[in-house]
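The values are calculated or read from the model by the stated rules, or taken from the named source; none is laboratory data. Keep in mind that this is a model prediction, so the values were computed, not measured. Virtual Cβ from ideal backbone geometry, glycine too; neighbours counted across all protein chains shown.
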Amino acid sequence: MQSFPSDVLNNIRKALEEEKTRVMAQVAILAAQDPFTDTERVNDNAASDTEASEENDHERYAAMGDELRVRVAAIDDALIRVGNGTYGYCVSCGTLIDTDRLAIVPTATLCLDCEKKK
């Protein structure tokens with residue numbers, strides 16, 4: 001199995017780690033903005049429209065946080081593949097994933113053919 005040169009893998013690892021740091025910062029920002037993290041919220045006797053707005057905001061922040069955590073998991077998986085030498089190979093058919101695809105989606109696990117079949 002041919003692998004990427006070590007300097008290329010080091011650059012990929014660095015880029016993935018930077019992306020993970022950036023995404024984790026976004027998760028923290030969302031968590032801080034979630035109205036349900038305010039412990040005083042339980043005792044504030046807010047009007048029903050305020051309560052509904054807070055509920056809606058909470059659901060939106062929770063959904064965005066979940067999406068970001070999925071991205072972090074994909075980045076972690078890509079970092080594992082970088083470490084064990086399987087990065088850039090399709091997990092379905094084993095062929096090399098096109099480098100243009102990896103440049104756009106560095107966490108890609110499937111080649112275009114397998115992605116289309118999915």
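Considering only the stretch 100-112, I want to know if a residue exists there that is over 16 Å from the mean Cα position of the chain (by Cα), among the hydroxyl-bearing types (Ser, Thr, Tyr) and either farther than 24 Å from GLN26 by Cβ or surrounded by 15 or more Cβ atoms within 10 Å (Cβ to Cβ) (or both).
From the stretch 100-112, those over 16 Å from the mean Cα position of the chain (by Cα) are 100-101, 110-112; that's our starting set.
So of that shortlist, the ones also among the hydroxyl-bearing types (Ser, Thr, Tyr) come out as none.
So far as the stretch 100-112 goes, no, none of its residues is over 16 Å from the mean Cα position of the chain (by Cα), among the hydroxyl-bearing types (Ser, Thr, Tyr) and either farther than 24 Å from GLN26 by Cβ or surrounded by 15 or more Cβ atoms within 10 Å (Cβ to Cβ) (or both).
Any residue at all in the stretch 28-49 that is at pLDDT 95 or above, closer than 19 Å to GLU17 by Cα and of a type in the set (Val, Ile, Thr)?
Keep residues of the stretch 28-49 that are at pLDDT 95 or above, which gives none.
No: the stretch 28-49 contains no residue that is at pLDDT 95 or above, closer than 19 Å to GLU17 by Cα and of a type in the set (Val, Ile, Thr).
Which residue pairs have Cβ atoms closer than 9 Å, lie 6 or more positions apart in sequence or on different chains, and pair a first residue in the stretch 63-85 that is in contact (Cβ under 8 Å) with a residue 60 or more places away in the chain and surrounded by 17 or more Cβ atoms within 10 Å (Cβ to Cβ) with a second residue that is in a helix (DSSP H, G or I) and among the polar types (S, T, N, Q)?
If the second residue must be in a helix (DSSP H, G or I) and among the polar types (S, T, N, Q), the pairs left are VAL82/ASN10.
State whether the residues of the stretch 73-85 include one that is farther than 16 Å from LYS14 by Cα and at pLDDT below 95.
no
Looking at (1) loosely packed, with under 15 Cβ neighbours inside 10 Å; (2) at pLDDT 95 or above; (3) β-branched (Val, Ile, Thr), which is the only condition VAL23 fails?
Unmet for VAL23, out of (1) loosely packed, with under 15 Cβ neighbours inside 10 Å; (2) at pLDDT 95 or above; (3) β-branched (Val, Ile, Thr): (1).
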